[in-house]
1. Which number in (1) surrounded by 13 or more Cβ atoms within 10 Å (Cβ to Cβ); (2) over 13 Å from residue 129 (Cα atoms); (3) under 22 Å from the mean Cα position of the chain (by Cα) marks the one condition that residue 59 misses?
2. So for segment 62-71 (the condition being in a strand (DSSP E or B), out of contact with any helix residue (DSSP H, G or I) (no Cβ under 7 Å at 6 or more places or on another chain), loosely packed, with under 14 Cβ neighbours inside 10 Å and at pLDDT 90 or above), does at least one residue qualify?
3. For residue 17, all conditions in the list (1) at pLDDT 75 or above; (2) farther than 30 Å from residue 85 by Cβ hold save one; what is the number of the exception?
4. Can you tell me which residues in segment 95-118 are within 19 Å of the chain's Cα centre (by Cα) and either modelled with pLDDT under 85 or part of a loop (DSSP other than H, G, I, E, B) (or both)?
5. Taking the condition of being exposed (fewer than 14 other Cβ atoms within 10 Å of the Cβ) and either part of a strand (DSSP E or B) or out of contact with any strand residue (DSSP E or B) (no Cβ under 6 Å at 6 or more places or on another chain) (or both), how many residues in segment 73-88 meet it?
């Protein structure tokens with residue numbers, strides 16, 4: 001039996017010259033939208049470097065004190081904990097003259113407090129936790 005079987009094979013990836021599929025503009029648009037969405041959602045190293053790093057925990061100690069100073073994200077207050085046993089010692093907020101606390105930084109016996117809406121930095125003296133007047137330069 002000498003039967004010739006001819007298989008008609010058409011590549012799905014190639015189109016005849018001069019004929020583009022009708023859905024090509026839709027495919028290109030979807031690809032561009034997908035690329036834009038990925039760029040927007042994906043954390044890039046250069047974009048992450050532009051964002052300022054915020055510190056929300058400071059460990060401070062001297063001869064008489066061992067404290068953890070923490071920014072409470074729910075209330076935007078500064079909370080002082082005893083670092084040895086974890087009990088809260090004090091909570092500082094708007095009633096104490098602090099703005100909505102966003103971040104804190106410590107240098108020596110000084111605590112720098114930045115607010116969310118106000119770019120002004122508040123300076124607190126440790127261990128008194130009293131605000132110190134600063135010139136607005």
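1. Answer for residue 59: the failing condition is (1).
2. Within segment 62-71 (the criterion being in a strand (DSSP E or B), out of contact with any helix residue (DSSP H, G or I) (no Cβ under 7 Å at 6 or more places or on another chain), loosely packed, with under 14 Cβ neighbours inside 10 Å and at pLDDT 90 or above), the answer is no, since none of the residues qualifies.
3. It is condition (1) that residue 17 fails.
4. Scanning segment 95-118 gives 100, 115, 116, 117, 118.
5. So the count comes out to 8.
The values are calculated or read from the model by the stated rules, or taken from the named source; none is laboratory data. Since the structure is predicted, the reported quantities are computational estimates derived from the model, not experimental observations. Because the Cβ atoms are built from the backbone with ideal geometry, glycine has one as well, and the counts that use them run over all protein chains shown.
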